Amino acid sequence: MKPILPGAMLGVLGGGQLGRMFTQAAQQMGYCVTVLDPAEDCPAGNVADDHICADFTDSSALQRLMSQCEAITTEFENVPAESLRRLAKNRVVSPDAQSVFIAQNRVTEKQFLTNNGFTVASFAVITRQLDLDDEDIDYFLPGILKASQFGYDGKGQKIVHHRDELQAAYTQLNQPICVLEKFMPLKCEISVVVARNADGTVATFPPAENQHVDGILDISIVPARIAPELAQRAREMACQVVGALQYQGVLCVEFFVLQDDELLINEIAPRPHNSGHYSINACITSQFEQQVRTLCGMPLGDTTQHSAAVMVNLLGDLWHRGEPDWSRVLRHPTAKLHLYGKKEARQGRKMGHYTVLASDIASALHET
């Protein structure tokens with residue numbers, strides 16, 4: 001692949017905060033960016049050089065994006081895979097449609113992982129009401145019932161402890177195909193962001209230790225407070241995942257760490273990830289610069305972490321009395337505030353984040 005040099009126009013499908021941060025990283029490197037998103041006032045569209053306000057399946061919009069961009073990426077996995085296939089006929093597209101297709105569906109994703117020798121939590125596929133009456137279903141209880149598609153940040157899933165709750169949850173999710181995932185004895189949850197170039201070169205970011213509230217990421221602690229051997233194993237598994245996918249781009253692998261330090265893959269996200277935001281301030285190369293580099297065929301950047309970091313998500317709940325007072329964060333000498341430019345604050349909506357840097361994790365946590 002001939003490198004695409006600064007000055008070129010890049011495209012991104014999706015106008016959320018991940019698209020915004022990709023756009024800002026690309027512009028800092030000298031590229032221009034066109035965003036395709038149906039929302040008129042989207043975070044990425046507000047900072048991009050051009051915003052095509054249209055649906056992701058709009059033929060004329062896709063043609064326009066293709067005509068003015070040399071390479072195209074996406075900021076979330078629910079972009080129609082067929083749109084990526086269409087764009088890839090004439091342009092560099094990363095991630096590829098097949099990887100996105102796999103990640104869009106929990107059943108397809110788990111089947112891909114197990115077929116390639118990766119370990120996941122025990123699960124059952126529910127395709128109809130009658131599956132709930134199977135005598136073997138008790139093995140997976142208590143567990144989490146997850147809709148096969150369009151679930152994120154705790155949406156599209158229900159915790160179930162017994163058959164009655166399972167029946168009710170299946171009805172509430174209102175999706176014909178679901179995954180029932182058995183609860184596992186967790187020590188913690190971690191994630192690894194990995195980048196892979198078209199030539200197979202890979203680079204991983206340090207594993208993040210993630211804590212969630214109501215299914216939404218609350219804080220990420222980096223480096224994760226796990227044994228170095230376990231961290232290395234997680235990084236190696238992330239590289240194996242992108243290798244199995246023949247992936248080009250940035251991808252996040254989320255892991256469950258069991259009490260005996262066994263690693264299970266929870267899910268994959270074919271894009272930069274919320275838990276990788278710390279890299280903007282704490283690493284030599286951010287996950288978003290890495291996304292630009294992989295898209296444009298450039299050598300991968302150095303992912304060395306130069307400061308311990310704790311990243312804290314800022315949800316719309318903080319805005320219930322109006323705009324928060326940011327003076328405390330801004331007075332802190334090593335706290336980095338990132339607001340996403342969203343006009344409407346809603347409960348559970350990611351509005352921004354801040355990252356506290358320090359010489360060690362204990363200090364960063366204390367300052368958080």
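The values are calculated or read from the model by the stated rules, or taken from the named source; none is laboratory data. For clarity, every value in this text was computed on a predicted model and none was experimentally measured. Positions of Cβ are backbone-derived with ideal geometry, glycine not excepted, and every protein chain shown enters the neighbour counts.
Numbers for the structure displayed
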read-out	value
Residue satisfying all of: in region 260-269; in a loop (DSSP other than H, G, I, E, B) and in contact (Cβ under 8 Å) with a residue 60 or more places away in the chain; surrounded by the fewest Cβ atoms within 10 Å (Cβ to Cβ) among these	Asp261
Selection from region 10-42 of residues that are assigned to a strand (DSSP E or B) and either assigned by TED's automatic domain parsing to the domain that holds Ala198 or closer than 21 Å to Arg196 by Cβ (or both)	Leu10, Gly11, Val12, Leu13
Pro142 vs. criteria at pLDDT below 95 and touching a Phe, Trp or Tyr at 6+ places or on another chain (Cβ under 8 Å)	yes
Selection count, region 43-87, where residues are in a helix (DSSP H, G or I) and either touching a residue at least 24 places away in the same chain (Cβ under 8 Å) or closer than 20 Å to Tyr340 by Cβ (or both)	10
Any hit, region 137-146, residues being in contact (Cβ under 8 Å) with a residue 12 or more places away in the chain, over 22 Å from the mean Cα position of the chain (by Cα) and closer than 19 Å to His212 by Cβ	yes
So Gly276, is it small (Gly, Ala, Ser) and buried (at least 24 other Cβ atoms within 10 Å of the Cβ)	yes
Positions within region 326-344 being modelled with pLDDT of 95 or more and within 30 Å of Lys155 (Cβ to Cβ), in sequence order	Trp326, Val329, Ala335, Lys336, Leu337, His338, Leu339, Tyr340, Gly341, Lys342
Sole residue being closer than 21 Å to Ser220 by Cβ and in contact (Cβ under 8 Å) with a residue 40 or more places away in the chain, chosen from Glu189, Glu181	Glu189
So Val257, is it part of a helix (DSSP H, G or I) and touching a Lys or Arg at 6+ places or on another chain (Cβ under 7 Å)	no
Some residue of region 218-231 being farther than 25 Å from Val356 by Cβ and not basic (Lys, Arg)	yes
Residues of region 170-189 classified as among the hydroxyl-bearing types (Ser, Thr, Tyr) and surrounded by fewer than 14 Cβ atoms within 10 Å (Cβ to Cβ), total	1
